[in-house]
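All remarks here apply to the structure that follows.
The values are calculated or read from the model by the stated rules, or taken from the named source; none is laboratory data. Keep in mind it's a predicted model, so treat the numbers as computed, not measured. Please note: Cβ atoms are built from the backbone with ideal geometry, for glycine as well, and neighbour counts cover all protein chains shown.
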Amino acid sequence: MILYGACLRHGEALRLTMQDVDLEGAVLCIRESKFYKSRLIPLGADLNGAMQRYTRQRNQAFDNEPNTPFFCFRDGRPLNQSAVQRAFQRLRILANVRREGGPACQPRLHDLRHAGTVHRLIAWYRSGADLQLLLPQLSTYLGHIDLAATQRYLTLTPDLLNEASKRFETYALEKHHE
């Protein structure tokens, strides 16, 4: 949920410590991620609520000192990448989420970050937001060094194409363009 909702890389989520998660302020601090950059990530209400529920359960069983891992196994050890990827694959198979093309073409954990990014863009289109203003902010939010790096995440889905087409049609039909 955090990979999709906050568009995090899975390594970023796994490196979160208790001090990096401010659920009262609904903000995550991503420290020295790719390219050794740090950034603050605001959380939406639904994701923040889910993380609050997780935190209550987590803190009943484990230490909540500032440097302890936020995400951990049932025995308190920090979650690792291979365990999370195996769990994702098991859940994907149980949910019957698959693509044609064999094992190499199946959805990956990292695809949640891509999907969250595309859905954010679709929501901005639907709300009439100024994408020229927001795209550089999205790039910073994702921890990218420039817009070109963000373009990889903007997979053209039918919904995204539809929203972009609507925006262009509105622009093209405005009086001052005739």
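Is it true that ARG108 is under 30 Å from ASN59 (Cα atoms) and assigned to a helix (DSSP H, G or I)? So ARG108 does not fit the description; no.
Here region 90-135 is the region considered, the condition is being closer than 29 Å to LEU147 by Cβ and basic (Lys, Arg), and the residue that is surrounded by the fewest Cβ atoms within 10 Å (Cβ to Cβ) is ARG99. Contact map, region 65-89: residues that are of a type in the set (Phe, Trp, Tyr) paired with residues that are in a loop (DSSP other than H, G, I, E, B), Cβ distance under 7 Å, separation 6+ or inter-chain. Pairs shown: PHE70/LEU16; PHE71/LEU16; PHE71/LEU79; PHE73/LEU79; PHE88/LEU109. Considering only residues of region 29-53 that are charged (D, E, K, R) and under 12 Å from ARG15 (Cβ atoms), which is surrounded by the fewest Cβ atoms within 10 Å (Cβ to Cβ)? Result: GLU32. Residues that are surrounded by 12 or more Cβ atoms within 10 Å (Cβ to Cβ) and either assigned to a loop (DSSP other than H, G, I, E, B) or over 30 Å from the mean Cα position of the chain (by Cα) (or both) were ranked within region 148-178; the one that is modelled with the lowest pLDDT is TYR153.
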